[in-house]
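Take a look at the structure set out below.
None of the figures in this text is laboratory data; all of them are computed from the coordinates on show. Note that this is a predicted model, so its numbers are computed, not measured. Cβ: placed from backbone, ideal geometry, glycine included. Neighbour counts: every protein chain shown.
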Amino acid sequence: MPSSRILIVEDEESLCKMIAEALSRQGYDCCVAFEGDAALNAVSELSPDLVILDVMLPRLDGFEVARRVRADRASRDTPIIMLTARDAEEDVLAGFAAGASDYVRKPFSIAELSARVSNLLGRSGIPAEGGVTEAGALRIDPGHEEAYKDGHLLDLSTTEYRLLEALAARAGHTVTRGDLLRRVWGMRAGDTRTLDVHIFRLRRKIEDDPDSPKLLLTVHGRGYRLASGDDAAERGNA
Ligand code: CA
């Protein structure tokens, strides 16, 4: 399997290189940029599979870089992990608004960053375009925009189907609320009430007991996770 390419954007060069070295040792193909313009060039020239993006950069800050990455058709689906200052809740919210997929607060451990990276890159479902994804009792058929549970066709609205598909593409992994809003509604920022309502409706259609979900799980403070077939073997997300 070819290794995933990660672009690390951080003006603190020693930190940038330290992250690159650590992730390289884990088998990722890492490249670095020390400021925003160079980052945008690297995104278009190197097509990274994921971008680790510091908020605090000279001139173009991380939010603006994220917005431009999202605005470009070629890179709009590239996952972005923002590195934010400790205790800067507004940075987290602004990061999601700018299109970030996830964030890590500084100072962070490489283990934490690496877990976020593999979460965003990892896909236990079957990602092939047009391919059918199976997650436990659920079967999602993107070719026909249909989903089945235990062989029975589910009566889903288009939005409910898209929400389920977005979760199934990363079955067994947490999908952040920001990511779901962006993927399903194309929204940069948070009318999270809309998401809550659709999660509620989807659960009523796919869960045996919607009050005690076994398939569409809440990951508190982060997002949602669709249980995969071998979910019992996975570690918890706590
Ligand atoms: Ca910085």
**Prompt:** By the gyration tensor of its Cα atoms, with a ≥ b ≥ c the square roots of the eigenvalues, what is the shape of region 1-56: rounded for a/c under 1.5, prolate for a/b over b/c, or oblate?
**Reply:** oblate
**Message:** What number results when the radius of gyration of region 133-237, computed over Cα atoms, is divided by 2.2 N^0.38 Å?
**Reply:** 0.99
**Prompt:** Within a Cβ distance under 12 Å of GLU12, other residues only, what is the Lys/Arg minus Asp/Glu net charge?
**Reply:** -3
**Fill in**
Per the helix-only model, the chain has a calculated mean residue ellipticity at 222 nm (DSSP H runs of ≥4, -39500 (n - 2.57) each, divided over all residues, rounded to the nearest 500) of -11500 deg cm²/dmol
**Asked** If you count the DSSP beta bridges with both ends in region 27-157, what percent of them are antiparallel, to the nearest 5?
**Response** 55 percent
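Please grab the % of Cα pairs in the chain that end up more than 26 Å from each other. Could you put the intermediate results ahead of the total?
Working: 10910 of 28203 pairs.
Summing the P(r) of the chain above 26 Å gives 39 percent of all pairs.
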**Prompt:** By its C-alpha gyration tensor, with a ≥ b ≥ c as the square roots of the eigenvalues, how is region 37-85 shaped: rounded for a/c under 1.5, else prolate for a/b larger than b/c, else oblate?
**Reply:** prolate
**Asked** Per residue Cα convex hull volume for region 5-123, in cubic angstrom?
**Response** 90 Å³
**Message:** Let's test the formula: R0 of 22 Å, r as the Cβ-Cβ distance of ASP141 and LEU217. What FRET efficiency results, to the nearest 0.05?
**Reply:** 0.50
**Message:** Using amide H atoms built in the peptide plane, which far-off residues or other-chain residues are under 5 Å from TYR103 H to H?
**Reply:** MET82
**Prompt:** So in the chain, what percent of DSSP beta bridges are antiparallel if you round to the nearest 5?
**Reply:** 50 percent
